[in-house]
1. For a quick check of your reading of the model, give me the residue pairs whose first member lies in the range 33-59 and is at positive phi and without any contact (Cβ under 8 Å) to a residue 40 or more places away in the chain, whose second is loosely packed, with under 14 Cβ neighbours inside 10 Å and among the hydroxyl-bearing types (Ser, Thr, Tyr), with beta-carbon atoms closer than 8 Å and at least 6 apart or on different chains.
2. Please pick out the residue among 23, 37 that is surrounded by 10 or more Cβ atoms within 10 Å (Cβ to Cβ), hydroxyl-bearing (Ser, Thr, Tyr) and under 20 Å from residue 4 (Cβ atoms).
Amino acid sequence: MVELKAPLTTLWRGKDAFEEVKTLQGEVFRELETRRTLRFELDGKSYFLKWHKGTSLKEIVKNLISLRMPVLGADREWHAT
């Protein structure tokens, strides 16, 4: 499911949001193998993009061995907005 908020709803109407995200340029705060965090500007406002390409089995096992629940989605970010 993809749910966009303004101004992205009008800017990317009829376009593939995932392809559009790949073209965004901005200040990169973190870039790892499976995720990237950057700040970009749109219509004079700043936004953060947290791009996750999925969690590896290695990361899941590492978290379980450390007695931590692995993060498998963006629920925390979604509920924080």
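Just so you know, all these numbers are worked out from the coordinates, no wet-lab data involved. No experiment lies behind these values; they were computed from the predicted model shown. Quick reminder, even Gly has a Cβ in these numbers, built from the backbone with ideal geometry, and neighbours come from all protein chains shown.
1. Close Cβ pairs satisfying both conditions: 54/34.
2. Numbers: 23 fails: surrounded by 10 or more Cβ atoms within 10 Å (Cβ to Cβ).
Exactly one of 23, 37 is surrounded by 10 or more Cβ atoms within 10 Å (Cβ to Cβ), hydroxyl-bearing (Ser, Thr, Tyr) and under 20 Å from residue 4 (Cβ atoms), namely 37.
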